[in-house]
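> This is the structure I want to talk about, given as structure tokens.
The values are calculated or read from the model by the stated rules, or taken from the named source; none is laboratory data. All figures in this text were calculated on a predicted structure; none of them were measured in a lab. A quick note on method: Cβ atoms are made from the backbone with ideal geometry, for glycine too, and the neighbour counts reach across all protein chains shown.
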Amino acid sequence: MAIKVGVVGYGTIGKRVADAVAMQKDMKLAGVTAHSYSFNTEVAKQKGYKIFTTGEDDLKLNGIAPDGSINHLLDEVDVIVDATPKDIGRDNIEKLYKPRKIKAIVQGGEKHKTTGTSFVAQCNYDEALGKDYVRIVSCNTTGLCRTLDAVNKKYGIQSVHATMIRRGADPGDIHHGPINAIVPVLEMPSHHGPDVQTVLHNVEIFTTALSVPSTLMHLHTLTVDIKKKATVEEVVELFKNSTRIRIVRNAEHLRSTAEIIEFARDLGRLRGDMPEICVWQEAIGVISNAHNKLLYMQAVHQESDVVPENIDAIRAMTGFKDAQKSIEMTNECFGIK
Ligand code: NAD
């Protein structure tokens with residue numbers, strides 16, 4: 001029987017998760033919520049999604065008849081994916097999902113302690129098996145975990161230093177972002193390092209971060225002290241053979257985040273999304289002397305890399321044990337090879 005899924009918070013992440021759920025053969029999208037009327041609601045209606053209200057009832061004024069309140073949606077689901085802004089997911093677990101014994105996934109704006117389980121499918125799928133509440137880590141943490149997990153499994157990691165050069169705002173966001181500044185995160189480490197350890201528990205990592213005036217992707221630079229000697233060719237093969245990681249090359253003219261997003265559009269990806277973490281082949285380097293170091297740069301599409309993770313978490317929480325199979329099923333609908 002299909003897993004019945006509802007999406008609460010139909011914004012940047014929620015609308016992508018809703019579309020992904022609707023594409024899974026083993027899931028049924030029970031509906032999405034509208035906090036207030038917007039173009040998102042119009043698109044959801046056009047797609048035939050049921051719409052349930054959580055806020056101002058201005059839908060009817062704008063010609064959309066809602067299918068009920070959020071309570072009606074909660075009556076119809078096995079799992080809720082909550083993609084509301086920071087802290088609301090935490091409150092919703094206590095107020096809405098726990099009293100009704102509904103399993104729920106929250107996003108990276110929430111703290112690890114909200115669920116006690118933080119998730120990146122290829123790293124720790126089994127930790128979410130049968131769980132009632134799971135947190136999908138942030139876009140940056142997802143990107144760090146995917147590539148570091150591959151490196152850790154092959155070479156063993158002594159320690160990591162990573163710097164996150166973050167996009168100032170999402171493309172549709174008119175409220176945030178530096179316009180003419182580079183804004184450093186003035187705390188050491190930035191929150192990303194400790195967040196990686198909620199998934200990769202034994203990896204020693206220190207992170208720093210800054211924001212720049214761009215909307216397209218984040219860019220990470222990593223220096224990894226590894227336990228064994230590596231070659232660049234080996235690392236390229238490692239990333240090529242790791243799921244949800246894509247090697248991109250100067251030779252393809254994929255030299256920037258802008259060109260990667262243009263590539264995703266040309267591939268015909270829904271919304272021009274690039275859920276894979278893109279590692280530049282020419283920016284992989286190794287230093288082999290007394291200490292073995294691996295250096296690389298990667299781009300992270302903040303709006304989409306966490307979306308496949310939500311789908312795999314739904315399966316894990318509802319008892320689907322085969323991580324590899326779940327990842328394959330999810331990848332297929334995103335066109336990830
Ligand atoms: P968003 O602002 O784009 O969307 C949030 C949606 O929730 C909006 O549609 C809003 O109307 C709705 N909403 C607000 N209050 C609500 C309430 N009380 N009940 C129901 N719906 C409500 O936000 P987003 O960027 O999609 O972020 C959602 C979560 O995903 C956050 O935890 C964020 O940290 C995380 N996240 C965001 C990104 C990103 O780059 N945008 C990446 C990874 C993770």
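> Taking K15, is it assigned to a helix (DSSP H, G or I) and either more than 24 Å from N331 (Cβ to Cβ) or of a type in the set (A, V, I, L, M, F, W, C) (or both)?
no
> What are the residues in segment 109-148 that are within 18 Å of I13 (Cα to Cα), aliphatic (A, V, I, L, M) and outside any helix (DSSP H, G or I), if any?
V120, V134, I136, V137
> Follow-up question, since we're still on this one. Any residue that is hydroxyl-bearing (S, T, Y) and assigned to a strand (DSSP E or B) - is there at least one of those in segment 92-108?
So far as segment 92-108 goes, no, none of its residues is hydroxyl-bearing (S, T, Y) and assigned to a strand (DSSP E or B).
> Let me ask another. Answer yes or no: is there a residue in segment 283-300 that is under 30 Å from I80 (Cβ atoms) and buried (at least 23 other Cβ atoms within 10 Å of the Cβ).
yes
> Only one of V81, V120, V137, V106 is out of contact with any Ser or Thr (no Cβ under 8 Å at 6 or more places or on another chain), at pLDDT 95 or above and crowded, with 17+ Cβ neighbours inside 10 Å; which?
Answer to the selection: V81.
> Related question: If you check V5, V21, which single one turns out to be within 22 Å of the chain's Cα centre (by Cα), more than 10 Å from the ligand (Cβ to nearest atom), in contact (Cβ under 8 Å) with a residue 60 or more places away in the chain and within 18 Å of L270 (Cα to Cα)?
Answer to the selection: V21.
> Determine which single condition A169 fails, assuming it passes every other condition in (1) near the ligand (Cβ under 10 Å from one of its atoms); (2) in contact (Cβ under 8 Å) with a residue 60 or more places away in the chain.
Among (1) near the ligand (Cβ under 10 Å from one of its atoms); (2) in contact (Cβ under 8 Å) with a residue 60 or more places away in the chain, A169 violates only (2).
> Let me ask you something else. Being more than 16 Å from the ligand (Cβ to nearest atom) and not in a strand (DSSP E or B) is the filter here; which residues of segment 271-304 pass it?
Q281, E282, A283, I284, N289, A290, H291, listed by residue number.
> Would you mind finding the one in E234, E187 that is assigned to a loop (DSSP other than H, G, I, E, B) and among the charged types (D, E, K, R)?
Just one listed residue meets the conditions, E187.
> Yes or no: segment 190-209 includes at least one residue that is of a type outside the set (S, T, N, Q), part of a strand (DSSP E or B) and within 16 Å of the ligand (Cβ to nearest atom).
Within segment 190-209 (the criterion being of a type outside the set (S, T, N, Q), part of a strand (DSSP E or B) and within 16 Å of the ligand (Cβ to nearest atom)), the answer is yes, since at least one residue qualifies.
> Has segment 47-65 got any residue that is within 15 Å of the ligand (Cβ to nearest atom), in the same structural domain as A128 (by TED's automatic domain parsing), at pLDDT 95 or above and under 22 Å from the mean Cα position of the chain (by Cα)?
no
> Also, quick follow-up: Look through segment 120-166, keep the residues that are more than 12 Å from the chain's Cα centre (by Cα) and charged (D, E, K, R), and return whichever of them is nearest to E303 (Cα to Cα).
This residue is R166.
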